[in-house]
Amino acid sequence: MQVFMAKTQVEFDWDDVRVFLALVREGTLAAAAAKLHVDATTVGRRLTSLERALRTTLFERGRDGVELTAAGEQLVALAEETERGAAGLFAAANSLETTVEGVVRLTTPPVMAEVLIVPLLPTLAQRHPNLHLEIDASIAYANLTRREADLALRLRRPESGDLLTTRLLETRYGLFGSPHLVERVGTLSNLDGLPFIGWTAELAAVPAAVWGGKYMSSSAFVLRSGGLTTQIAAARAGFGCVLLPTAVAQHFGLRPVPTQRDARRAVDAAPREHVWLVGHRALRNVPRIAAVWDLLVERFAALPKPRVDASRRAPA
């Protein structure tokens with residue numbers, strides 16, 4: 001896609017605009033490259049191409065990243081307007097699709113990818129052999145409005161954007177450990193002395209971390225990690241117990257810690273979470289998007305758990 005600036009008779013590629021906006025938002029060549037799924041050399045080359053086309057310097061390069069020049073700042077609003085126009089154009093083009101084929105990019109936290117999405121792949125392939133799912137298993141939130149992904153699984157419902165959301169699953173947290181550790185600790189009347197695996201201080205706002213800070217003593221923490229997969233691996237190794245959603249714990253062969261009295265009250269206070277399926281309103285009825293959306297809704301509606309279909313437009 002080519003973009004024209006009539007007043008200055010400048011012509012450049014849409015990909016250059018994407019690079020420009022990624023650099024504005026991410027601040028470094030490496031971070032922008034990761035966001036765009038290209039290498040830093042490509043980002044640098046695209047930036048140079050754009051600056052040559054505009055005959056001006058858009059960023060000051062430094063050791064710690066890039067910083068907008070005055071000329072670059074003047075172009076941010078125009079670039080964002082171009083981005084919105086491109087998103088509308090792509091959405092309109094996608095709406096012309098008539099068959100279930102092509103690529104659907106789904107973004108989801110890593111553990112949800114393994115536990116919730118991977119088991120559905122054989123069914124999806126059988127139903128739609130020309131449909132290819134691309135899974136972005138990342139803790140970073142891809143922006144659906146900017147077409148960084150087609151669909152998303154999220155633990156929080158978006159509060160802005162022209163997005164549709166459906167609550168797929170409500171899950172309760174519990175205290176889990178390896179079969180050997182659970183057998184060793186037995187039934188607990190309180191949590192004193194129980195080895196616990198929790199979150200690092202940087203993630204203190206995570207619901208499971210809030211629970212751990214309230215109900216587990218500092219001396220109980222045998223490991224703190226910012227990665228859920230690391231916590232699960234440590235729990236499976238018998239190193240300690242961990243607070244997890246029940247479905248995740250069962251998937252990895254962990255067992256609930258038997259509790260009574262004070263320990264039971266603490267575990268009963270563990271958080272609940274909702275898994276939301278999110279997509280852009282303009283793409284909802286595109287055949288390839290609809291095929292993945294409908295399979296996910298079908299799969300989770302069949303689970304023997306109470307669920308409310310909350311499909312509706314997220315508030316602007």
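Just want to confirm a number: the relative contact order over the chain, from Cα pairs under 8 angstrom separated by 6+ residues, in percent.
Numbers: 510 pairs, mean separation 68.3, N = 316.
For the chain, the relative contact order is 22 percent.
For volume of the Cα convex hull per residue in Å³, one of [x] 145; [y] 167; [z] 133 was computed from the structure I shared and the rest are decoys. Which label?
Comparing each candidate, only [y] matches the computed number.
Once fully extended, how much extra length lies between residue 39 and residue 63, figured as 0.36 nm per residue of separation less the alpha-carbon to alpha-carbon distance? If you can, show how the numbers build up before the last one.
Working: separation 24, 0.36 × 24 = 8.64 nm, distance 1.79 nm.
Length difference between fully extended and current span is 6.8 nm.
What size of dipole, in debye to the nearest 20, comes out for the stretch 119-271 about its Cα centre when the only charges are +1 on Lys and Arg C-beta atoms and -1 on Asp and Glu C-beta atoms?
Numbers: 16 positive and 12 negative charges, 65 e Å.
With Lys and Arg at +1 and Asp and Glu at -1, about 320 debye.
Would you mind getting me the FRET efficiency between residue 183 and residue 84? Use the beta-carbon distance for r and R0 = 51 Å, nearest 0.05. Working shown, then result.
On the way: r = 58 Å, r/R0 = 1.14.
The value I calculate is 0.30.
Roll a 1.4 Å probe over the protein chains and send me the accessible area per residue for the chain in Å². Don't skip to the end; give the middle numbers.
On the way: 16650 Å² over 316 residues.
On a per-residue basis, the chain sits at 53 Å².
Using a Gaussian network model of the chain whose springs link C-alpha atoms within less than 10 Å, name the residue from 15, 64, 192 with the highest mean-square fluctuation.
Its mean-square fluctuation being the largest, the pick is 64.
For the chain, give the share of DSSP beta bridges that are antiparallel, in percent and rounded to the nearest 5; count only bridges with both residues there.
Details: 29 of 44 bridges.
Counting only bridges with both partners in the chain, antiparallel ones make up about 65 percent.
What is the percent carbon and sulfur in the accessible area of the stretch 80-219, measuring with a 1.4 Å probe over the protein chains and ignoring ligands?
Details: 3850 of 7110 Å².
Heavy-atom surface of the stretch 80-219 belonging to carbon and sulfur, 1.4 Å probe: 54 percent.
The values are calculated or read from the model by the stated rules, or taken from the named source; none is laboratory data. On a predicted model such as this, the values are computed, not experimentally measured, just so you know. A quick note on method: Cβ atoms are made from the backbone with ideal geometry, for glycine too, and the neighbour counts reach across all protein chains shown. Accessible surface is based on the protein model in full, side chains and every heavy atom, while ligands, DNA and RNA are left aside. Shrake-Rupley method; radii C 1.70, N 1.55, O 1.52, S 1.80 Å.
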